[in-house]
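Asks: Shown below is the structure under consideration.
The values are calculated or read from the model by the stated rules, or taken from the named source; none is laboratory data. Everything numeric here is computed off the predicted structure, so don't read it as measured data. For neighbour counting, all protein chains shown are included, and Cβ atoms are generated from backbone atoms with ideal geometry for every residue, glycine included.
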Amino acid sequence: MCVCVCALIVNVIIFLLSANEVECFHTRVFFSSLLYRLTVVIIIINIIIIISFNMDIRPNHTLYVNNLNDKVKKNDLKRALYYIFGQHGRLIDIIAMKTMKMRGQAFIIYQDITCATQAYRSLQGFQLFQRPMRVTYAKKDSQQIISLKGVSAEVQKRREEEREKRKRKKMAQRAAAAAAALQAANQSVNGPAGTGGDVNALLDQPNHILFVSNLPEETTDAMLTMLFSQFSGFKEARRAAGGVGFVEYETETQAAAARSAYEGFKLTPTHAMQITFAKK
């Protein structure tokens, strides 16, 4: 493409110089000159080549980056590229090699094509290691780039699905364990069946501390604090193992208000909080 652009610039200069020379004689002679016609034809051909070149490279998941500083170590370069391009979306891979043919170049593979487009627009000319990056879409599809490293797009997709399946299974197991622990705790409070104890009355005995169960694995103290601190009297929130936690208020009335508001509240589509008063 650079060659075509240079040729176009040279031909435009020739065109202008020839115009100045011939204009001194006569305008009609200029328009009939062979040099003028030849120059116009060459300019048109170059414009067609440039347009065709740009049409061939369509937006895809993979960006081609060159003009990188080839004196930087490979691992340092990849880390820098991952940090910069990773801000625009999830990356599948970054390919940067130190071979003579690939020095100063890299391929950035995004999971989503819109992320690749955003990075393409935002990082054009970005200074990295004292050099402005040149960013364009790769000529090859991202599947072909991934295959260079021996991993097909289909295999990559299967791995993603398996990871999601394992994650869902693990969360379901934790939720089941938390439910079983809660049931065992309730049974220990209520005593054996047939003792005549009022189950609901025991479970609903007011307390300024709430017992929260069925929490997602990724729940933290900070998340619970942010959620329950919306109610007055909040003192502390503690995340415990097994998908449960404790939230403390100053009074039983304040704890009851928070319980009433958040009972059944879904932190995720599969995790609705279960809230009871903690046992005294």
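Asks: Can you say whether Ile109 is at pLDDT below 80 and surrounded by 16 or more Cβ atoms within 10 Å (Cβ to Cβ), as far as the supplied structure shows? Let's see the steps before the verdict.
Replies: Numbers: at pLDDT below 80: no; surrounded by 16 or more Cβ atoms within 10 Å (Cβ to Cβ): yes.
Answer is no for this residue.
Asks: To continue, here is another question. Please determine, by comparing only the residues of segment 263-280 that are free of Cβ contacts under 8 Å to residues at least 40 places away in the same chain and outside any strand (DSSP E or B), which one is surrounded by the fewest Cβ atoms within 10 Å (Cβ to Cβ).
Replies: Result: Pro269.
Asks: Among the residues of segment 228-244, how many are assigned to a loop (DSSP other than H, G, I, E, B) and either in contact with a strand residue (DSSP E or B) (Cβ under 7 Å, 6 or more places away or on another chain) or over 17 Å from Ser213 (Cα atoms) (or both)? Reasoning before the result, please.
Replies: Within segment 228-244, the subset assigned to a loop (DSSP other than H, G, I, E, B) is 229-233, 241-243.
Next, only the ones that are either in contact with a strand residue (DSSP E or B) (Cβ under 7 Å, 6 or more places away or on another chain) or over 17 Å from Ser213 (Cα atoms) (or both) stay: 229-233, 243.
So the answer is 6.
Asks: Also, quick follow-up: For segment 245-262, which residues satisfy the criterion of being outside any helix (DSSP H, G or I) and either of a type in the set (Ser, Thr, Tyr) or within 30 Å of the chain's Cα centre (by Cα) (or both)?
Replies: Selection gives Tyr249, Thr251.
Asks: Only one of Gly104, Gly89, Gly125 is small (Gly, Ala, Ser) and in contact with a Cys (Cβ under 7 Å, 6 or more places away or on another chain); which?
Replies: Gly89
Asks: Determine if segment 74-88 includes at least one residue that is assigned by TED's automatic domain parsing to the domain that holds Ala138, in contact (Cβ under 8 Å) with a residue 60 or more places away in the chain, in contact with a strand residue (DSSP E or B) (Cβ under 7 Å, 6 or more places away or on another chain) and closer than 17 Å to Arg134 by Cα.
Replies: no
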